[in-house]
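Here the structure is laid out as structure tokens; the discussion comes afterwards.
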Amino acid sequence: MLLSDTGLSDTFDERVVTGDWGIGMLKAVLFDLDGTIIDSEPLHTEAVLRLLRDRSVDLKASDLDRFIGISSSVMWREMRERFGFAESVEALKELQHRANVEMLEGSESILIPGVLPLLRDLRDRGIRTAVASSSTRDYIETVLSKYELDSLFDVVVSGEEVPRGKPRPDVFLRAAELLGVEPGSCVVIEDSDNGLTAAREAGIRSIGFRNPNSGRQALSLADRIVDDIREVSVALLQRLVDSE
């Protein structure tokens, strides 16, 4: 998608450098985790498929696409009702969590290219950052620790900690609240339709990252779509806020 497709100007006059911000000031960037910061969706999918196979359920990876970006509680509640699993939703979530962590710790680096320099640039410019993910806090903190990203995020919010998970807006609104900024001064970076729906409902501009490992995601609600996180700059993020 070109900038012209979003109704934004293709020019930028370095207001980010000079401090002349125009309509609005970019104050924070809210990142999804899985599929946006780390390329972990294939690991999660394999963990779920294994748990299902262990219970004599044979699904394809594409059958799980619609669950990308939402809480595992929602997925396992539906799976339990559909297939009659004896375990509780909490027990199934814990089994998946253990499998996710085991696969993560056994994997080589799956950090999305471009994420680290973007985070460092945001930090250098005093723009605040948050992880706003549907994953559990334990898992989020495991990822941030593994890749030494802890110091680059001001706030972490798990979808398990708010009343309603994605595609509802609560996780993003809570992140903005904890950062002390208005939603309109933030930009969300997401790889899933569920996450982009949440951003739109929160009144926050968004960038959709087209990750080929995140299943069939239309990203149609994104204000800008990128195929590579290295396309995301502070200048682009500021233009999105200015377009309000």
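Bear in mind that the values in this text are calculations on the coordinates, not laboratory data. Predicted, not measured: the structure shown is a model, and the values here were computed from it. Virtual Cβ from ideal backbone geometry, glycine too; neighbours counted across all protein chains shown.
Have a look at D34, D58, D54 and point out the one that is charged (D, E, K, R) and within 21 Å of F172 (Cα to Cα). Within the list D34, D58, D54, the selection yields D34.
Given the condition over 20 Å from G195 (Cβ atoms), surrounded by 21 or more Cβ atoms within 10 Å (Cβ to Cβ), free of Cβ contacts under 8 Å to residues at least 40 places away in the same chain and of a type outside the set (D, E), answer yes or no: does some residue in segment 63-71 qualify? Full working, then the answer.
Residues of segment 63-71 over 20 Å from G195 (Cβ atoms): none.
For segment 63-71, residues over 20 Å from G195 (Cβ atoms), surrounded by 21 or more Cβ atoms within 10 Å (Cβ to Cβ), free of Cβ contacts under 8 Å to residues at least 40 places away in the same chain and of a type outside the set (D, E): absent.
If you go through segment 113-146 and pick out every residue that is closer than 12 Å to L30 by Cβ and of a type outside the set (A, V, I, L, M, F, W, C), you end up with 3.
A residue that is in contact with a Lys or Arg (Cβ under 8 Å, 6 or more places away or on another chain) and among the β-branched types (V, I, T) occurs nowhere in segment 164-180. Scanning segment 204-244 for residues that are within 13 Å of S185 (Cα to Cα) and under 14 Å from the mean Cα position of the chain (by Cα) gives I204, R205, S206. Please count how many residues of segment 178-199 are farther than 13 Å from L30 by Cβ and more than 11 Å from the chain's Cα centre (by Cα). Going through segment 178-199 one residue at a time, the tally reaches 2.
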